[in-house]
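The values are calculated or read from the model by the stated rules, or taken from the named source; none is laboratory data. Bear in mind that the values here come from a model prediction, so they are computed numbers and not experimental data. Ideal geometry is used to build each Cβ from the backbone, glycine not excepted, and the neighbour counts take in all protein chains shown.
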Amino acid sequence: MLRLSSKNAIDFGELFNNSPNPYVLLSPDFAIVGMNDAYLRVTMRKREDIIGRNMFDAFPGTPDERGLANVTQLRSSLDRVVETGEADHLPLIEYAIARPEGGFEERYWSATHTPVLKEGQVTFILQHTVDVTELHRLRQSATMSGRAAGASALVEGDILRRAEAVQHANEVLKEERQHLRRLFEQAPGFTAVLSGPSHVFEMANPAYLDLIGRRNVIGKTVGEALPEIPNQGFITLLDQVYATGQPYVGRRIPVQLGQRPGASPVERFLDFVYQPILSPEGRTVGILVQGNDITDQKRAEDELREYREQLERLVLARTRALEESESQRRQAQKMEAVGQLTGGVAHDFNNLLAIVIGNVELARRRVSDPRLERLLDNALMAGERGAKLTRQLLAFARKQSLSLEPTELSQTIEGMQDLLARTIGPSIVIRTQLPQDLWPVVTDRNQLEVAILNLAINARDAMPNGGTLTIGASNVPPDELPEDLTAGEYVRIAVRDTGSGIPEELRAKVFEPFFTTKDVGKGTGLGLSQIYGFVKQQGGSVTLNSTLGKGTEVSLFLPRAESAPVAEIAERPDGPRQNIQADILVVDDDDGVRMLVVESLTDAGYRVQEARNGSDGLGILRRRDDIDLVIVDFAMPVLDGLGFIEAARLERPDLPIVMMTGYADAERLTEDRLGDIPLVAKPFKLETLLTALRQRLASSAPATPRRAGAGRT
């Protein structure tokens, strides 16, 4: 009997317990948590025997194959309720009940399994069963007898047939639904189903849950389940799709999503579709969300694009470097070609100047007219200016004779302070930057001083209104060497001014001979070219950096000396000249130079033999042993000066020799080949040649006895 409380409220617990229909309440893992009295009666059990036990432990079914199939059918129905959160029906199921005294009693049931939900999750399953055993037996009896069992039996049989048909249809639907659910859950893309205008989550597959950090969203609106979403515009898109019934397709859409509770959202990139779900009447009732997380793909594409852009930048930089290197190579080839041409021209010009200067000197000695003396003095001065010009050309061509030795840069530069100050004037401030750990260098000190002085003069001309001239030196790290230098240790000498600078289009030309930016008559254009040749000849390099309006810096890179500089020793003055009479052989292929030398030596009192080439000179040496000294030119066809010297030493190892040259080939004129042979550079003053000759005769060993009958001329 149903009782009312004192306040006339319905006691639902009493209602549940007194219901004539069997009910049992199960947990999601199918443990029995409650049942009513009707359920205990039909199952022939006591409450304390089954409470808390698993349904399939309390009611295991028959152990045969038929019983196992029935257990499987019941378990599948309960599983569907847990998985879907929806009620499931079994119109007819055979499920035997174990008797207390032993054995099983065959029973047929019609069962309904209803989920009890809390926040979208199944918390309990309410099983309502109807015992249809008698109806089923009646139907079987009617079928076996082959005749009607009365109107009631027919009706009941029809009910059972309909129940079986419904159950079969449900089984088919169940299989289709399970297949669709498997597809839904196994889909590689994320998928969710939203219902109603508030966009409540009905379903979400594992990929979607992984995307949002495994949050519990079923039964919640999008705004409630994903609080970071509304401010990003997605609710507006959902509202638009729901209102218009038109799908929305998003490509590479950035979205901020939380990956775990309390964590800051992270950026993801999604391709997705909002597809409206329509009712049979065509109304929008929900939205299917389907898409793919392309964050990793986009990041890979971004990295690939960045790598490609970096590669393009590297290729561009490398191309520019190659172009610059090619430009430098062409410039170096050009400078080398110009140097070779310049060296050849300077050599020939030196021969001409030697003739001019020598003959002017001879003529001056023979005249007593003051007016003619002045004219000859002017001619001699012009010849000496021409000689200076050829020396500058030879410096550029790297064919000058250098006296290379370890040099202390700090002492050299500091020793030039007075000279520099007098040269560039008081309007320019001179600063030096010379570290104490500066390495010594291998160089020709005199040529280096001339180079620094020329750079200082150029800096002065670039600062007509005054400025600052900075001369510094530093040891060069290996990664800061110019490309044209071989690996090794170098010292950098930098001369920097604060002048007007050099335009970019002119910077590649400044080291070329005769190129100058100065006004006509104010520069020969050989200063920088001479520096270039001087530095290159000793294995160094020259660089120039200039900015218009800010100044220019020229850097000389010189190789480090392996040994320390030798302390300078004051030279002893030469002793009195000795007027030594001797027989001299002059070997020179240039008729003008040879005639000048022969005339000069004869005029000085020497007995002279002459040869127009090296072969003729060797022939004279073989015929005569009274030759006391040989003056030989360096550059001659067929057999040059060095070849002549080597052949002559085979004949006369102790023969004194003096060499003349219009240029000194540094690669060939080495100490090993020249030894103590003095070198007289063309053009020369006659006194220079005579001094070298006298010193060589005085320092040589006594002449060997001459053969009897040897002639003299």
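If we scan region 661-684, do we find a residue that is closer than 25 Å to Met381 by Cα, among the hydroxyl-bearing types (Ser, Thr, Tyr), at pLDDT below 65 and not assigned by TED's automatic domain parsing to the domain that holds Lys536? Walk me through how you get there before you give the answer.
Initial filter on region 661-684 (closer than 25 Å to Met381 by Cα): 661-664, 679-684.
Of the ones still in play, those that are also among the hydroxyl-bearing types (Ser, Thr, Tyr) are 661, 663.
In the following step, the residues that additionally are at pLDDT below 65 were identified as 663.
Filter again for not assigned by TED's automatic domain parsing to the domain that holds Lys536, leaving 663.
Scanning region 661-684 turns up at least one residue that is closer than 25 Å to Met381 by Cα, among the hydroxyl-bearing types (Ser, Thr, Tyr), at pLDDT below 65 and not assigned by TED's automatic domain parsing to the domain that holds Lys536.
Please specify each residue of region 627-648 satisfying the condition of being over 57 Å from the mean Cα position of the chain (by Cα), assigned to a helix (DSSP H, G or I) and crowded, with 18+ Cβ neighbours inside 10 Å.
Phe644, Ile645, Ala648 - these are the residues of region 627-648 that are over 57 Å from the mean Cα position of the chain (by Cα), assigned to a helix (DSSP H, G or I) and crowded, with 18+ Cβ neighbours inside 10 Å.
I'm told Arg75 meets every condition in (1) among the charged types (D, E, K, R); (2) at pLDDT below 90; (3) assigned to a helix (DSSP H, G or I) except one. Can you identify the failing condition by its number?
Among (1) among the charged types (D, E, K, R); (2) at pLDDT below 90; (3) assigned to a helix (DSSP H, G or I), Arg75 violates only (2).
Against the condition more than 17 Å from Val587 (Cβ to Cβ) and either at pLDDT 75 or above or crowded, with 19+ Cβ neighbours inside 10 Å (or both), how does Arg694 come out, does it pass?
Criteria met by Arg694.
Considering every residue within region 145-160, establish whether at least one is modelled with pLDDT of 65 or more and exposed (fewer than 14 other Cβ atoms within 10 Å of the Cβ). Walk me through how you get there before you give the answer.
Let us first name the residues in region 145-160 that are modelled with pLDDT of 65 or more, namely none.
No, region 145-160 contains no residue that is modelled with pLDDT of 65 or more and exposed (fewer than 14 other Cβ atoms within 10 Å of the Cβ).
Of all residues in region 90-110, which are touching a helix residue (DSSP H, G or I) at 6+ places or on another chain (Cβ under 7 Å) and hydrophobic (A, V, I, L, M, F, W, C)?
Leu90, Leu92, Ile93, Ala96, Ile97
Restricting attention to region 219-229, does a residue exist that is in contact (Cβ under 8 Å) with a residue 60 or more places away in the chain and either among the hydrophobic types (A, V, I, L, M, F, W, C) or exposed (fewer than 14 other Cβ atoms within 10 Å of the Cβ) (or both)?
Among the residues of region 219-229, not one is in contact (Cβ under 8 Å) with a residue 60 or more places away in the chain and either among the hydrophobic types (A, V, I, L, M, F, W, C) or exposed (fewer than 14 other Cβ atoms within 10 Å of the Cβ) (or both), which makes the answer no.
Please work out if Ala192 is at pLDDT 90 or above and in contact with a helix residue (DSSP H, G or I) (Cβ under 6 Å, 6 or more places away or on another chain).
yes
Yes or no: Pro60 modelled with pLDDT of 90 or more, part of a loop (DSSP other than H, G, I, E, B) and surrounded by 11 or more Cβ atoms within 10 Å (Cβ to Cβ)? I'd like the intermediate steps shown before the answer.
Numbers: modelled with pLDDT of 90 or more: no; part of a loop (DSSP other than H, G, I, E, B): yes; surrounded by 11 or more Cβ atoms within 10 Å (Cβ to Cβ): yes.
For Pro60, the condition - modelled with pLDDT of 90 or more, part of a loop (DSSP other than H, G, I, E, B) and surrounded by 11 or more Cβ atoms within 10 Å (Cβ to Cβ) - is not met.
Determine if region 562-581 includes at least one residue that is aliphatic (A, V, I, L, M), surrounded by fewer than 20 Cβ atoms within 10 Å (Cβ to Cβ), modelled with pLDDT under 90 and more than 30 Å from Gln538 (Cα to Cα).
yes
Name the pairs: first residue in region 584-606 and outside the structural domain of Ala354 (by TED's automatic domain parsing), second residue in a helix (DSSP H, G or I) and small (Gly, Ala, Ser), Cβ to Cβ under 6 Å, at least 6 apart or on different chains?
Pairs found: Val587/Gly617; Val593/Ala354; Leu596/Gly358.
Hand me the list of helices (runs of 4 or more DSSP H) wholly inside region 357-452 holding 3 or more residues that are farther than 22 Å from Leu558 by Cβ and modelled with pLDDT under 75.
Fully inside region 357-452 and qualifying: 370-397.
Identify, by number, the condition in (1) within 50 Å of the chain's Cα centre (by Cα); (2) touching a residue at least 24 places away in the same chain (Cβ under 8 Å) that Gln186 doesn't meet.
It fails just one condition, (2).
Quick one: which of Ala263, Ala346, Ala317, Ala337 is under 30 Å from Asp590 (Cβ atoms), loosely packed, with under 11 Cβ neighbours inside 10 Å and at pLDDT below 90?
Of Ala263, Ala346, Ala317, Ala337, the one residue that is under 30 Å from Asp590 (Cβ atoms), loosely packed, with under 11 Cβ neighbours inside 10 Å and at pLDDT below 90 is Ala337.
Filtering region 63-72 down to residues that are within 24 Å of Lys46 (Cβ to Cβ) and part of a helix (DSSP H, G or I), which residue is nearest to the chain's Cα centre (by Cα)?
Checked region 63-72; the qualifying residue nearest to the chain's Cα centre (by Cα) is Val71.
Might you check whether a residue that is surrounded by 14 or more Cβ atoms within 10 Å (Cβ to Cβ), within 18 Å of Gly213 (Cα to Cα), modelled with pLDDT of 90 or more and assigned by TED's automatic domain parsing to the domain that holds Gly213 occurs anywhere in region 246-254?
Checking region 246-254: not a single residue is surrounded by 14 or more Cβ atoms within 10 Å (Cβ to Cβ), within 18 Å of Gly213 (Cα to Cα), modelled with pLDDT of 90 or more and assigned by TED's automatic domain parsing to the domain that holds Gly213.
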